[in-house]
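The values are calculated or read from the model by the stated rules, or taken from the named source; none is laboratory data. Predicted, not measured: the structure shown is a model, and the values here were computed from it. Positions of Cβ are generated from backbone atoms using ideal geometry, with glycine treated the same way; all protein chains shown enter the neighbour counts.
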Amino acid sequence: MKKLEAIVHPLVGQAQIEFLKKAAAEGHHMVVLDIPLLYETGGETRVDVVVVVSAPYHIQESRVLARPGMDAAKFAAIHAKQVHDDEKRRRADFIVETDKGLEHAFAEVEKIVDALKTREGKVLKERLPGL
């Protein structure tokens, strides 16, 4: 797994940089990065704001087990490597509850975007020297 991560992580990092450069060049004021294992990899240091999407354990489990090729042992192994949901929530700037339906989740995202429109953050160009 470590060998695979050593290959994949730099590629993902480069793709993120290219995405950010493109967004900055197009004049976007905010972007969203979906970063699996954000806290586990220290990724929160590379962003201005962290939004955690969360659902109770039993819902997470049922969603994951519904995926092709997934079983209880695989889910348990994945879950064991993750920062506990309570800790993610504590460290997050915003939380979106995903067990209350899509309409609720979308409404929460709209509130977050509205809140961020008035919040100071680093300009994309400040984050990307040489842009």
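Numbers below:
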read-out	value
Candidate set from segment 78-94 (those that are among the aliphatic types (A, V, I, L, M) and surrounded by 11 or more Cβ atoms within 10 Å (Cβ to Cβ)); member that is farthest from the chain's Cα centre (by Cα)	Ile78
Those residues of segment 27-66 which are over 20 Å from Val109 (Cβ atoms), assigned to a loop (DSSP other than H, G, I, E, B) and either among the acidic types (Asp, Glu) or touching a helix residue (DSSP H, G or I) at 6+ places or on another chain (Cβ under 9 Å) (or both), in sequence order	Leu37, Tyr39, Glu40, Thr41
Given (1) at pLDDT below 90; (2) farther than 23 Å from Asp114 by Cβ, number of the condition Ala15 does not satisfy	(1)
Close pairs (8 angstrom Cβ cut-off, 6 or more residues apart or separate chains): in contact (Cβ under 8 Å) with a residue 40 or more places away in the chain in segment 76-102, surrounded by 11 or more Cβ atoms within 10 Å (Cβ to Cβ) and among the polar types (S, T, N, Q) anywhere	Lys88/Ser54; Ile95/Ser54; Val96/Ser54; Glu97/Ser54; Thr98/Ser54
Enumeration of residues in segment 25-77 that are over 18 Å from the mean Cα position of the chain (by Cα) and of a type in the set (Val, Ile, Thr)	Ile59
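For (1) surrounded by 12 or more Cβ atoms within 10 Å (Cβ to Cβ); (2) over 29 Å from Gly101 (Cβ atoms), each residue gets a yes or a no:
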site	(1), (2)
Ala6	no, yes
Leu11	no, yes
Ala24	yes, yes
His28	no, no
Leu37	yes, no
Glu44	yes, no
Ala55	yes, no
Gln60	yes, no
Val64	yes, no
